[in-house]
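> Have a look at this one.
Please treat every number below as a calculation from the coordinates, not as lab data. For clarity, every value in this text was computed on a predicted model and none was experimentally measured. Every residue, glycine among them, receives a Cβ derived from its backbone with ideal geometry; neighbour counts consider all protein chains shown.
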Amino acid sequence: MYNGLINVYKEAGYTSSDVVARLRGILKMKKIGHTGTLDPDAVGVLVICVGNGTKLCDMLTDHDKEYIAVCRLGVTTDTQDMSGRVLSEKEVNVTSEQLHEAVKRFVGEYDQIPPMYSAIKINGKKLYELARQGKEVERKPRRINIEAITILDESHLQDEHIFTMEVKCSKGTYIRTLCNDIGEALGCGAAMEHLTRTAVGSFHLETARTLDQIEELRDQGRVEEIVASTESLFRDLDYCIVKDDFRRMLENGNSFRVENLVSEAPEDEQDFVAPQELYADGTRVRVYSQDGTFFGIYKCDERTGQFRVEKFFYTQQ
């Protein structure tokens, strides 16, 4: 039984659900979930939650993501990528300056209309199911944020009409749609040719493992080496330690007060924060017992003077 997060390199041809299904077989456990879909043709980082890490699935979908996308100008498709049915083809006369100018328009917040070929549900039906039936429904724009777009390669802009860009963006961003929108802004249309997700929060491509590699690690009894602890996702939060005499209450998921906290740092702990410094409304903290057991994430409610559980990870041994 494993608990935590695994950084999987999703290969082309797998759906996110396929990855989960195969991992269940590899790890011989059912409690596994993914943190957001990645198109079958796309590759790259897919963070998988296992055991009590499944409680993090909703939190990880909120993390910013990074992609490298290859975009082809002069063509539009029904899926907004090159796997779809071609809807139109136009001549391309785009200069480097025009490309960079068009891309700049999409940095920051903008309202993006999700593609029909997506897993978004409307009236209980996934959009891609309706699209396969030849139906198109109105989709409400969703406010997204693109932190940065960097053109990495435009050497084939004039001959093959393709360019490669790196995109850093918020949750809910469809890179296929971004390519389509850039094409519209340039007046020639565009579709995504290839997509690699290079990062989800603190999980990066360099440390992602393929399913075959994970299977090899299982056979060697080394899977634990690649399972990040649930608490590792919250390393940016301050932590506090609850006194032993309140531990039983903590095990039952009860709220606690500042007076229930240890006031002095354990030896060799550099980032310990004194309890009084945590006492501000909305402050989120990692909570531990004195023996180092991680209990979860709590939030300070200044009105009641209590820290209330936001996400509880402790399980009785």
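> Based on the Cβ-Cβ distance from A280 to R85, what FRET efficiency comes out when R0 is 41 Å, to the nearest 0.05?
0.15
> Straight-line reach from K125: which lysines have Cα under 20 Å away, leaving out those fewer than 8 places along the same chain?
Reachable lysines: K135, K140.
> Fewest to most neighbouring Cβ within 10 Å: what's the order for T79, T35, T95? Let's see the in-between values first.
Details: T79 21, T35 26, T95 11.
By the 10 Å Cβ count, ascending, the order reads T95, T79, T35.
> Now, a different point. Are there cysteines in the chain with no other Cys C-beta under 4.7 Å, and if so, which?
Within the chain, the cysteines lacking a partner Cβ under 4.7 Å are C49, C57, C169, C188, C240, C300.
> Can you give the calculated 222 nm mean residue ellipticity of the chain, where each DSSP H run of n ≥ 4 adds -39,500 (n - 2.57) and the sum is split over every residue, rounded to the nearest 500 deg cm²/dmol?
Values: 8 runs with 61 residues, N = 317.
Taken over the chain, the calculation gives -5000 deg cm²/dmol.
> Using the structure shown, select from K10/K65; K31/K311; K30/K171; K30/K65 the pairs with a Cα to Cα distance greater than 20 angstrom.
As for pairs spanning more than 20 Å Cα to Cα, those are K30/K171; K30/K65.
> Report the net charge of residues surrounding D111, where surrounding means a beta-carbon distance below 13 angstrom and charges are Lys +1, Arg +1, Asp -1, Glu -1. Working shown, then result.
Working: positive: R105, R139, K140, R142, R143; negative: E109, D181.
It works out to a net charge of +3.
> Right, another one. If you average over every viewing direction, what projected area does the convex hull of the Cα atoms of the chain give, in nm²?
Projected over every direction and averaged, the Cα hull of the chain covers 20.3 nm².
> Quick one: if the Förster radius is 30 Å, what FRET efficiency do H100 and T207 give, using the C-beta to C-beta distance and rounding to 0.05?
With a Förster radius of 30 Å, E is 0.40.
> Report, for the chain, the % of DSSP beta bridges that are antiparallel, rounded to 5.
Within the chain, antiparallel bridges account for around 85 percent of the total.
> Another one. Using the alpha-carbon centroid of each, what span in Å lies between region 299-313 and region 93-150?
The distance from the Cα centre of region 299-313 to that of region 93-150 comes to 37 Å.
> Could you give the dipole magnitude of the chain about its Cα centre, charging the beta-carbon of Lys and Arg +1 and that of Asp and Glu -1, in debye to the nearest 20?
1600
> So what's the net charge close to A131: Lys and Arg +1, Asp and Glu -1, counting the other residues with Cβ under 12 Å from its Cβ?
+3
> State, to one decimal in nm, how far the label point of S170 lies from the label point of I151, with both points 7 Å from Cα in the Cβ direction.
2.7
> If I take R0 = 30 Å and measure r between the Cβ atoms of T304 and A119 in this structure, what FRET efficiency does the formula 1/(1 + (r/R0)^6) give, to the nearest 0.05?
E(calc), rounded to 0.05, equals 0.15.
> For region 221-226, take each phi angle, set θ = phi - 60°, evaluate the Karplus expression 6.51 cos²θ - 1.76 cosθ + 1.60, and give the result in whole Hz per residue in order, putting x for glycine and proline.
Along region 221-226, the couplings run x, 10, 4, 3, 5, 10 Hz.
> Kirkwood Rh, region 81-175, all Cα pairs: how many Å?
Details: mean 1/r = 0.0642 Å⁻¹.
Taking the inverse mean of 1/r over all distinct Cα pairs, region 81-175 comes out at 15.6 Å.
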